[in-house]
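> Mind looking over this structure? Questions follow.
The values are calculated or read from the model by the stated rules, or taken from the named source; none is laboratory data. Values in this document were obtained by computation on a predicted structure and should not be read as measured data. Positions of Cβ are backbone-derived with ideal geometry, glycine not excepted, and every protein chain shown enters the neighbour counts.
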Amino acid sequence: MAFPIPAHLPRGKDPQDISTKILTKISETGTKSLNASLASSWVAELDETIAQTKTRIHERISSDLPYFNEQLSSAKSIQERLRTLTDNVDALDGRLSDSESGLVPTLLATLNRHAQLAQETLDASVKRQNLIHLVGLKRQYDNLTALVHGGQLPEAVGASSRLESELETAPEPLTRSAVMGELRRSFGATKARIEEQLNDAYLRSVVISPSELVVRPSVQVRQSETILSLAPVLSSLSSASLAEHLNHLRRNLTTHYVEYIAKQPVSVEASSPSTIAGAAEHKLTLFPAPPDSQKLGARLDGLSTVLSFLHKHLLPHLPLAERKSFSLSLCRPIRAAVLNNLLIPSLPSSLDGLPQFLHLLKRAQQFELDYLSSMLGDDGGEQDIKSWANGVGLHYERKRRMQLLEAVRVVVMSPEDERRMLSIDIEVKPDLDEGNNAVSDPQQDTAQESDVEAAWDFEDEQPAETNETQQDDPTADEDGWGFDDENAEPQPEENTVSPSLPPAEDDPGDAWGWNDDDASETLNGDDSYDDPWNDGWDNDASKETANAPAQIPKPAKGLAKLTSKGSKGKNSTKGDEPPLQSPVPVAPPPPTPLVPSMSKPAAPAPVLKEAYVVSGRTKELMQHVESILKEGAELVSSGLLASHQSSSSAPGSVVLQAAPLTLDVFRAVYPVTFSAILQASPKPAMRFSNDCLYLSGEVQRLQQSLKGPAIAVSEKLQDSAERLKLLGDSWYSDTIDRQCQVIHELLDKAAGFVEITDQDRFDECENAVNQVLQRIRRLSQEWKRVLNKSKYYAALGFVVDAALSRMLADILALPDITAEESNRLSELCRIFNALEGLFVEDPSQPSFVVSYVSSWLKFSYLSELLEASMADISYLFEEGALVDFEIDELVKLVRALFADTPLRANTINKFLRGHPTSP
């Protein structure tokens, strides 16, 4: 590799000859400087250079003259030889390419004549071979035609196969000839005729109809004297035709001779009518039998006859390969027919039919072994009947369980029948120390159905009364607690007391607020009181009640008894106001009647009874559960299915599972089926809650008394009882919540009680409050007929408290209340005083509304505070009567009621220091 020259070094100029130099000079010379002397100098320079060149050439030749002469002579010799070679080549080209005498045209003509001769020879040879092959095909076709006309169909099938092979191997030129096409068409028609005659022979040999199967061992070919046996006919049929015939035969056998026999009674008869020449045909005939005139085992005998007939008269004629496959193809439909049409439908629904069915099952297993495994050759291990028989215990129990659950579903989805309602008595132990009622759980108390037998008598309009309470009081079922809602006459207390129900009041309808149109004397004690609902507690009634005996305990949350403040001045800026009359705080007595004598020595808390209503379907459900447990125990003790039960489950376990599943069906189906009714009315919803709680208690008692095999479902029954209790409590709470929501929606119409000085707005608010009152009263009537007392008062107290709390919140949220507005708000508040009558059982005793309505006293004070003076409010606060109010609520209320004065500021400052502490 050469060393590269650095770029900064000067480069050597290219050598130039003399002509280039002169031309360069000429190009560099301008027109002004060009003259004759300059041009002559250039010419002279060229001449001198030419002369020097010639001199050098002569000197070179002279220096090596012998070598120059030798080269010159060689060049001349080569030139001569080239001229001679050129002449010879031109002469040779003439002799080769001459069109008349040239060698190449003569050779090409000879080759053309040779190729023509070779083609003619080849054509003659091919024609000869094709004619020889065609003659052979014609001979074979004539032979085939003769066989067909003679009725020798099996031989014709063989000849047809050979001729078809020859046609396939025919020479290529012959296949494209017209005669070959005609021969193929004729062969196709002959082959189709052979197939048609074979099919006709088969169809006349094997004739199947819904009532008869005929197999003829031999048959005469039509239009010939030849008689063919069935076996050659079947062997000669094409694979496609034979497969189609066998498929059709299998379908007909399955439909008319397997499934039909397995489904219904039928007589099967096999016969072989004989002629002079011998047995001409074999027949299998079906004769329908009258319904229920045949034992189930006879159907297996019929199937056995059919299979024996096929095995003896049909299967031996089939080719060996098709015989095996056809026999195996019959096994699966036969097993399915025996299982689906005979065994499974005849699976009994009671223990009484099991012995006979097990005998039938044993025969079915033997049938599978003798005919399907041995006769038809299905010994591959797919013994479906045996496998099903091994688990027949489980199949029986599953079927029985489905029947039991279907019966439950019918019971659950049946419409409610008010005549089938049951009154359940429960024991309640009131907590006298705290003065509150013990809310009883029907699941934990001892329940007694008041109608044990008569409640299920569908012929009677009214169930017969069986307990002592219903014998003494025929109206007990009508109002749920023995109170007549409309026309009850006052009865002496000692004549109405029963061991199971509390004493009746003088006027139960008035006590519950159901006859409020007639209750002014009872509730108000003033005939002249003009209240729109005629059951409010006015100021006069408050005055009368204020003289209650001194032994009445103090109200809840430390409210002090409000006393009269006749000497107190009224410094309110609203003007003169009526004297403040405060509601009388009462002690919370139990919902059941009070102990008659309070002065007697302390005794153990009495066990009182309350009643609630459940649906008649609960009794039926419990009877169903008990019958399931009894049936499961009987199944285990019988031992019939001990050897037919799978190892995965114990005998009777599946039937016993239907007991808790019965309760699951009730929980799942009833709320969905009657969802519209349960959502529309609170009474069915509460009754459903009672049903769940009653079932929970009954299931727990039943679960505790389980013994024997039924103990296996003890845990599931316990779980079902817990779920039922949870469902009952949930529906109880949800129903209350829905009613509270309805109350809120009704009070939404009051729009926060703003601008009630306008008469239209006041009418709207008054209408909203009255609607709430009516709603609660209707709710009281519906729930009282369903719930026991404790839960009734608790549920009603929640709804009433929701109404009072909402009205309290709306009024306390008002930023400014004028004197007219305060009077009207107080008037609206007094409408709810009528609700106190819902919490009175004995008019001679104080109500126990404060036990169940936590905001009652607060709401009662609010109606008085709205019309009280500043001095009255301050006095009540100092006495500790307003402890139910928050400090900010009192401050906000005072600011809304009174103008901004130093007195209001001092009162607010007093409030901000907090409620006074008890001494």
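> Just give me the residues in the range 280-310 being in a helix (DSSP H, G or I), surrounded by 18 or more Cβ atoms within 10 Å (Cβ to Cβ) and aliphatic (A, V, I, L, M), in sequence order.
296, 300, 303, 306, 307, 310
> Sticking with this structure for a sec: Would you call residue 788 under 30 Å from residue 691 (Cβ atoms) and in the same structural domain as residue 885 (by TED's automatic domain parsing)?
yes
> Moving on. Going by the structure shown, is residue 903 of a type outside the set (Asp, Glu) and surrounded by 19 or more Cβ atoms within 10 Å (Cβ to Cβ)?
No.
> Further question on the same structure: Looking for whichever is closer than 30 Å to residue 816 by Cα, outside any helix (DSSP H, G or I) and assigned by TED's automatic domain parsing to the domain that holds residue 834 here; the options are 766, 755. Which one fits?
755
> Let me ask you something else. Out of (1) at pLDDT 85 or above; (2) in the same structural domain as residue 625 (by TED's automatic domain parsing); (3) crowded, with 18+ Cβ neighbours inside 10 Å; (4) among the charged types (D, E, K, R), the odd one out for residue 406 is which?
All conditions are met except number (3).
> Moving on. Restricting to the range 684-734, give me the number of residues that are modelled with pLDDT under 90 and within 19 Å of residue 670 (Cα to Cα).
Selection size over the range 684-734: 0.
Residue by residue, here is whether (1) modelled with pLDDT of 90 or more; (2) of a type in the set (A, V, I, L, M, F, W, C); (3) farther than 26 Å from residue 372 by Cβ holds:
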{"residue": "222", "(1), (2), (3)": "no, no, yes"}
{"residue": "225", "(1), (2), (3)": "no, no, yes"}
{"residue": "229", "(1), (2), (3)": "no, no, yes"}
{"residue": "238", "(1), (2), (3)": "no, no, yes"}
{"residue": "241", "(1), (2), (3)": "yes, no, yes"}
{"residue": "244", "(1), (2), (3)": "yes, no, no"}
{"residue": "250", "(1), (2), (3)": "yes, no, no"}
{"residue": "253", "(1), (2), (3)": "yes, yes, no"}
{"residue": "257", "(1), (2), (3)": "yes, no, no"}
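> Here's another thing I want to ask about it. Of everything in the range 106-145 that's surrounded by 13 or more Cβ atoms within 10 Å (Cβ to Cβ) and among the hydrophobic types (A, V, I, L, M, F, W, C), which residue is nearest to residue 198 (Cα to Cα)?
Among residues in the range 106-145 that are surrounded by 13 or more Cβ atoms within 10 Å (Cβ to Cβ) and among the hydrophobic types (A, V, I, L, M, F, W, C), the one nearest to residue 198 (Cα to Cα) is 144.
> Is the range 160-174 home to any residue that is touching a residue at least 40 places away in the same chain (Cβ under 8 Å), β-branched (Val, Ile, Thr) and assigned by TED's automatic domain parsing to the domain that holds residue 222?
Checked against the condition, which is being touching a residue at least 40 places away in the same chain (Cβ under 8 Å), β-branched (Val, Ile, Thr) and assigned by TED's automatic domain parsing to the domain that holds residue 222, the range 160-174 yields no hits at all.
> Looking for whichever is surrounded by fewer than 15 Cβ atoms within 10 Å (Cβ to Cβ) and in contact (Cβ under 8 Å) with a residue 40 or more places away in the chain here; the options are 215, 179, 221. Which one fits?
179
> Examine the range 830-846 for a residue that is in contact (Cβ under 8 Å) with a residue 40 or more places away in the chain, of a type in the set (Phe, Trp, Tyr) and buried (at least 22 other Cβ atoms within 10 Å of the Cβ), and state whether such a residue exists.
Scanning the range 830-846, I find at least one residue that is in contact (Cβ under 8 Å) with a residue 40 or more places away in the chain, of a type in the set (Phe, Trp, Tyr) and buried (at least 22 other Cβ atoms within 10 Å of the Cβ), so the answer is yes.
> If you don't mind, another one. Can you tell me which residues in the range 894-919 are closer than 22 Å to residue 809 by Cα and not in a helix (DSSP H, G or I)?
Selection gives 898, 899, 914, 915.
> Scan the helices (runs of 4 or more DSSP H) fully inside the range 784-893 and keep the ones with 3 or more residues being under 55 Å from the mean Cα position of the chain (by Cα).
It comes to 789-812, 819-831, 856-865.
> Please list, ordered by first then second residue, the pairs with beta carbon atoms under 6 Å, 6 or more apart or interchain, first in the range 303-331 and touching a residue at least 24 places away in the same chain (Cβ under 8 Å), second polar (S, T, N, Q) and in a helix (DSSP H, G or I).
Short answer, once both residue conditions are applied: 319/235.
> Turning to a different aspect of this structure: With the structure loaded, tell me whether residue 780 is crowded, with 21+ Cβ neighbours inside 10 Å and under 28 Å from residue 418 (Cα atoms) or whether it fails that test.
yes
Condition check ((1) crowded, with 21+ Cβ neighbours inside 10 Å; (2) touching a residue at least 24 places away in the same chain (Cβ under 8 Å); (3) under 15 Å from residue 837 (Cβ atoms)) across all residues:
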site	(1), (2), (3)
756	yes, yes, no
764	no, no, no
788	yes, yes, no
800	yes, yes, yes
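> In the range 704-729, which residues are part of a helix (DSSP H, G or I) and without any contact (Cβ under 8 Å) to a residue 12 or more places away in the chain?
704, 711, 714, 715, 726
> Follow-up question, since we're still on this one. What is the one condition in (1) buried (at least 19 other Cβ atoms within 10 Å of the Cβ); (2) farther than 30 Å from residue 289 by Cβ; (3) without any contact (Cβ under 8 Å) to a residue 40 or more places away in the chain that residue 268 does not satisfy?
It is condition (2) that residue 268 fails.
> Return yes when residue 648 is among the hydroxyl-bearing types (Ser, Thr, Tyr), surrounded by fewer than 20 Cβ atoms within 10 Å (Cβ to Cβ) and at pLDDT 70 or above and no when it is not.
So residue 648 fails the test.
> For the range 378-400, indicate whether the set of residues that are touching a Ser or Thr at 6+ places or on another chain (Cβ under 9 Å), of a type in the set (D, E, K, R) and under 30 Å from residue 283 (Cα atoms) is non-empty.
yes
> From 148, 157, grab the single residue that is touching a residue at least 60 places away in the same chain (Cβ under 8 Å), among the aliphatic types (A, V, I, L, M) and assigned to a helix (DSSP H, G or I).
157
> What are the residues in the range 185-204 that are without any contact (Cβ under 8 Å) to a residue 40 or more places away in the chain and not hydrophobic (A, V, I, L, M, F, W, C), if any?
185, 188, 191, 196, 200, 204 - these are the residues of the range 185-204 that are without any contact (Cβ under 8 Å) to a residue 40 or more places away in the chain and not hydrophobic (A, V, I, L, M, F, W, C).
> Please specify each residue of the range 689-701 satisfying the condition of being closer than 14 Å to residue 662 by Cα and among the aliphatic types (A, V, I, L, M).
695, 699
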